[in-house]
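The values are calculated or read from the model by the stated rules, or taken from the named source; none is laboratory data. Since the structure is predicted, the reported quantities are computational estimates derived from the model, not experimental observations. Reconstructed Cβ throughout: ideal geometry from the backbone, glycine too, with neighbour counts over all protein chains shown. To get the accessible areas, we keep the full protein, side chains included, count just its heavy atoms, and leave off ligands, DNA and RNA. Shrake-Rupley method; radii C 1.70, N 1.55, O 1.52, S 1.80 Å.
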Amino acid sequence: MKLRFETSDGHIAMILIRFTSRVRRGVIAAAACLCAIVIPSGLDAETGAAAWLRYSALSPQSASSYQNLPGEVVVMSDGLVLRTAQQELVQGVFQMLSKTLRSAVASRLDGAIVLGTFSDLHTLAPDLRPPEKLGAEGYWLKSASIHQSKCLVITAATDRGVLYGVFALLSKIARSESLSSIDEVQQPYAPVRWVNQWDNLDGRIERGYGGPSIFFDDGKVRSDLSRAGQYARLLASIGINGCTINNVNAAPGILDDAFIAQVRRIADAFRPWGVRLSLSVDLSSPKASGGLDTFDPLDPQVAAWWRKKADEIYRRIPDFGGFVVKADSEGRLGPSSYGRTPADAANVIAHALKPHGGILFYRAFVYNHHLDWRNLKNDRAKAAYDNFHPLDGAFDDNVIIQIKNGPIDFQVREPVSPLFAGLHRTNEAIELQITQEYTGQQRHLCFLVPMWKEVLDFDMHIEGNAAPVKDIVAGRVFHRPTGGFIGVANVGMESNWLGSPLAMANLYGFGRLAWDPDLSSETIVDEWTRLTFGSDPLVIKTISAMQLSSWPVYESYTGPLGAGTLTNILGNHYDPAPESSEQNGWGQWHRADHQGIGMDRTVATGTGFIGQYPPEVQALYETLARCQDNLLLFFHHVRYTYILHSGKTVIQHVYDSHYDGADRTRDFISQWKMLEGHIDEERYRDILGRLECQAQEAVLWRDTMCNWIYRLSGIADNKGRVVIPALEKN
Ligand code: GCV
């Protein structure tokens, strides 16, 4: 029996009721499956709320290949996460295949989809041996024959692993992949696969472009946390296992006992999906809100304060993940106030978390934003390595140093941070930015997976051996106990989470890479497009091609040749404003003058930043002869007439790149228009509007940048496109 109705809060609820009763081997198996599925309102209207979990009905032809999918589901134990897995499976199969999975008792497994851990399964199916080396969160999808009956086993060492297996199975069905004789083992690359949200307690999100916070409003935790639960579901579906809910520029009040009591409700919303909650904390909290007159990390009262605070949090949230600390950075107080080191600060908190299994993430984003710009040897890029490399080995084993992918700040192109190779006896995680702060703020199309893959695959050559960044952060190179991947997501209350339907590919892609950084960008975008828009070949081909070219296009009109995103760094980080980078202490300098452009970071004549890399990497960048064009201005100051490897001068490349980039944003519009009628009207119109806005703004970028560099250099565009009347007269 199926009932569908609208609830008072506008959601569609569907109740499936099944009763079965039959005799099997002398046992009466009576099962009642009551499954209430609450579907976000607007799902039918394709607002993007369902993201990649749309589970839309398969065509009859595609559905027919799942005819033999078992019709029952057996859940081997009663854990919360396992029940979630069952509910998700029932919902997904029902929506995609119009098939209602009946719950069956766990006394036998044949003819069913079986959900359970290895230990749950062992007594009933002793011959099903779990693959060796399957870690805590991996899963095994196995089509098996038990007592001559076909069954499909989704098993793992933990309930969370089983949940990931269920999502994987549903994704395969949604993409019409065959399940016959399936025997697939998957496990995540690293234990830490977290997102950070930069949500403030007043409900605003720092660098958030998808509406206000789903967690906080007006200084309190929201009363309705249904979005928080739905977010955890999205995260779990791509294997994310932790979420830090508040801004790294943390309000001390987050740790007040009364506030923790509220935060607990968010942890409750996450728990069914196996997502652990964590908090960003202000290092000065013991003093700012804790009643002490110091926050000196070496003061025993401060240590006792953190211990008591951790104990209190774990009393209320037993699966609490840990804390994130931003200190001595952009005006935040830190251990330097007392002449202490980041290790002193990290360890005092890590010690408090340790008995509970918590982790302390200490951000390496520590730098002086009052640098003297007149000193050509000053270099913000050197800060993370200078601050943390000398402390290697001094951090407790439940501390992770959270390192941004590049040495500056999420620019459209940066080299990898040398700090990844500079910590051999310390846990590391890479911090990537999903929210498009410097990359178009979700109004410009910029699929970041290809950029992240370049970073993750970059070989640091440790002591003569290959050492890609992905292996370093996963703890494989230096045999560390933990580490992994962190993405700054900043989803908000807007129905499509990030504010733009196509930007959701970045959230999906982050999760998929954190699970398996060996996946290609093409595979990830293909999966995401099929799950988000369906199986029309024209739609898949067009969207995939647009996404895959979007980062180079954005780079070409906002910051080619490694100059960084030449945006308004003193304001919105969105508009073109190349002059805002100079003559201030923030250190995002490009050093453009009348003769040339670029930061000299060489060991020979510059800031010496290149010397922070291992020798093989230094050799890639130190000389003009070897340095790649797309990072040239990051590492070298050159004349505008310098000839690139491509054969063009720097100045002509800058002109051509901006004109080409702006043209290509117009191509995006024509490509998109081919999809009219092939996808739903809501998303078609929304995305078209964004692409039109991007094309206009790319022209603004092009003209601002070309005029600026023409005025500075006085060297004309050899194609005659850049014309400034005042300059022409001279
Ligand atoms: C949360 C950049 C951003 C800031 C952000 C900071 C950080 O500077 O502009 O908004 O602060 O990075 O990562 O801490």
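Sub-8 Å Cβ pairs linking a first residue in segment 565-584 that is at positive phi to a second residue that is modelled with pLDDT of 95 or more and not hydrophobic (A, V, I, L, M, F, W, C), at least 6 apart or interchain, are 573/207; 573/437; 573/438; 573/441; 573/567, ordered by first then second residue.
Within the bounds of segment 187-200, is there any residue that is over 22 Å from residue 511 (Cα atoms), more than 16 Å from the ligand (Cβ to nearest atom), in a loop (DSSP other than H, G, I, E, B) and modelled with pLDDT of 95 or more? No; the residues of segment 187-200 include none that is over 22 Å from residue 511 (Cα atoms), more than 16 Å from the ligand (Cβ to nearest atom), in a loop (DSSP other than H, G, I, E, B) and modelled with pLDDT of 95 or more.
May I ask you to verify whether residue 447 is within 17 Å of the chain's Cα centre (by Cα), among the aromatic types (Phe, Trp, Tyr) and at pLDDT 95 or above? It would help to see each step written out before you state the result.
Working: within 17 Å of the chain's Cα centre (by Cα): yes; among the aromatic types (Phe, Trp, Tyr): yes; at pLDDT 95 or above: yes.
So residue 447 fits the description; yes.
For every residue, the table says whether it meets (1) surrounded by fewer than 18 Cβ atoms within 10 Å (Cβ to Cβ); (2) at pLDDT 95 or above.
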residue: 700; (1), (2): yes, yes
residue: 705; (1), (2): no, yes
residue: 716; (1), (2): yes, yes
residue: 719; (1), (2): yes, yes
residue: 722; (1), (2): no, no
residue: 726; (1), (2): yes, no
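No other residue among 210, 165, 203 is over 24 Å from residue 258 (Cβ atoms), in a loop (DSSP other than H, G, I, E, B) and open to solvent by less than 10 Å² (accessible area, probe 1.4 Å) apart from 210. Scanning segment 516-530 for residues that are in contact (Cβ under 8 Å) with a residue 60 or more places away in the chain and open to solvent by less than 10 Å² (accessible area, probe 1.4 Å) yields 517, 524, 525, 528.
This table checks each residue for (1) within 24 Å of residue 400 (Cβ to Cβ); (2) away from the ligand (no atom under 16 Å from the Cβ); (3) basic (Lys, Arg); (4) touching a strand residue (DSSP E or B) at 6+ places or on another chain (Cβ under 7 Å).
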| position | (1), (2), (3), (4) |
| --- | --- |
| 221 | no, yes, no, no |
| 235 | yes, yes, no, yes |
| 265 | no, yes, yes, yes |
| 272 | no, yes, no, no |
| 277 | yes, yes, no, yes |
| 282 | yes, no, no, no |
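In the set (1) open to solvent by 40 Å² or more (accessible area, probe 1.4 Å); (2) more than 22 Å from residue 192 (Cβ to Cβ), the condition left unmet by residue 271 is number (2). Cβ-Cβ contacts under 6 Å between residues 6 or more apart (or on different chains), taken from a first residue in segment 351-363 that is under 18 Å from residue 305 (Cβ atoms) to a second residue that is open to solvent by 10 Å² or more (accessible area, probe 1.4 Å) and not in a helix (DSSP H, G or I), are listed as 354/398.
Hey, can you tell me all the residues within segment 463-498 that are in a loop (DSSP other than H, G, I, E, B), within 27 Å of residue 249 (Cα to Cα) and open to solvent by less than 40 Å² (accessible area, probe 1.4 Å)?
Kept after step one, since they are in a loop (DSSP other than H, G, I, E, B), are these residues of segment 463-498: 463-464, 466-467, 474-482, 489-498.
Within this subset, residues satisfying the condition of being within 27 Å of residue 249 (Cα to Cα) are 474, 482, 489-498.
Within segment 463-498, 474, 482, 489, 490, 491, 492, 496, 497, 498 meet the criteria.
Considering every residue within segment 421-434, establish whether at least one is β-branched (Val, Ile, Thr), over 23 Å from residue 588 (Cβ atoms) and under 15 Å from the mean Cα position of the chain (by Cα).
Looking through segment 421-434, none of the residues is β-branched (Val, Ile, Thr), over 23 Å from residue 588 (Cβ atoms) and under 15 Å from the mean Cα position of the chain (by Cα).
From the set of residues in segment 324-347 that are touching a strand residue (DSSP E or B) at 6+ places or on another chain (Cβ under 9 Å) and more than 15 Å from the ligand (Cβ to nearest atom), which is farthest from residue 265 (Cα to Cα)? The selected residue is 343.
Any idea which of 564, 598, 585, 559 is surrounded by fewer than 16 Cβ atoms within 10 Å (Cβ to Cβ) and of a type outside the set (S, T, N, Q)? When all the criteria are applied, what remains is 585. Taking segment 240-355 and the helices (runs of 4 or more DSSP H) fully enclosed by it, the elements with 2 or more residues that are aromatic (Phe, Trp, Tyr) are at 257-270, 300-316.
Among the residues of segment 284-298, those that are touching a residue at least 24 places away in the same chain (Cβ under 8 Å) and either open to solvent by 30 Å² or more (accessible area, probe 1.4 Å) or touching a strand residue (DSSP E or B) at 6+ places or on another chain (Cβ under 9 Å) (or both) comprise 288, 289, 298. Residues in segment 439-462 that are within 16 Å of the ligand (Cβ to nearest atom) and surrounded by fewer than 24 Cβ atoms within 10 Å (Cβ to Cβ): 441 alone. Restricting 145, 171, 181, 176 to residues that are open to solvent by 30 Å² or more (accessible area, probe 1.4 Å), at pLDDT 95 or above and more than 17 Å from residue 78 (Cβ to Cβ) narrows the list to 176.
Could you check, for segment 400-415, whether at least one of its residues is part of a helix (DSSP H, G or I), in contact with a strand residue (DSSP E or B) (Cβ under 8 Å, 6 or more places away or on another chain), within 13 Å of the ligand (Cβ to nearest atom) and under 30 Å from residue 557 (Cβ atoms)? No, segment 400-415 contains no residue that is part of a helix (DSSP H, G or I), in contact with a strand residue (DSSP E or B) (Cβ under 8 Å, 6 or more places away or on another chain), within 13 Å of the ligand (Cβ to nearest atom) and under 30 Å from residue 557 (Cβ atoms).
The sole residue among 320, 365 that is at pLDDT 95 or above, within 16 Å of the ligand (Cβ to nearest atom) and either open to solvent by less than 20 Å² (accessible area, probe 1.4 Å) or in contact with a Lys or Arg (Cβ under 8 Å, 6 or more places away or on another chain) (or both) is 365.
Pairs meeting the criteria (first residue in segment 428-453 and within 20 Å of residue 572 (Cα to Cα) and assigned to a loop (DSSP other than H, G, I, E, B), second residue among the small types (Gly, Ala, Ser) and open to solvent by 10 Å² or more (accessible area, probe 1.4 Å), beta carbons under 7 Å, at least 6 apart or on different chains) are 435/208.
The residue of segment 247-261 that is farthest from the ligand (Cβ to nearest atom), among those that are of a type in the set (Gly, Ala, Ser) and surrounded by 15 or more Cβ atoms within 10 Å (Cβ to Cβ), is 251.
Residues of segment 370-399 being among the acidic types (Asp, Glu), open to solvent by 40 Å² or more (accessible area, probe 1.4 Å) and part of a loop (DSSP other than H, G, I, E, B), which ones? Spell out how you get there, then give the answer.
Filtering segment 370-399 down to residues among the acidic types (Asp, Glu) leaves 372, 379, 386, 392, 396-397.
Of the ones still in play, those that are also open to solvent by 40 Å² or more (accessible area, probe 1.4 Å) are 372, 386, 396-397.
Matches in segment 370-399: 372, 396, 397.
Every residue, every condition in (1) in contact with a helix residue (DSSP H, G or I) (Cβ under 6 Å, 6 or more places away or on another chain); (2) free of Cβ contacts under 8 Å to residues at least 40 places away in the same chain; (3) surrounded by 20 or more Cβ atoms within 10 Å (Cβ to Cβ), yes or no:
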residue	(1), (2), (3)
608	no, no, no
611	no, yes, no
616	no, no, no
621	yes, no, yes
624	no, yes, no
627	yes, yes, yes
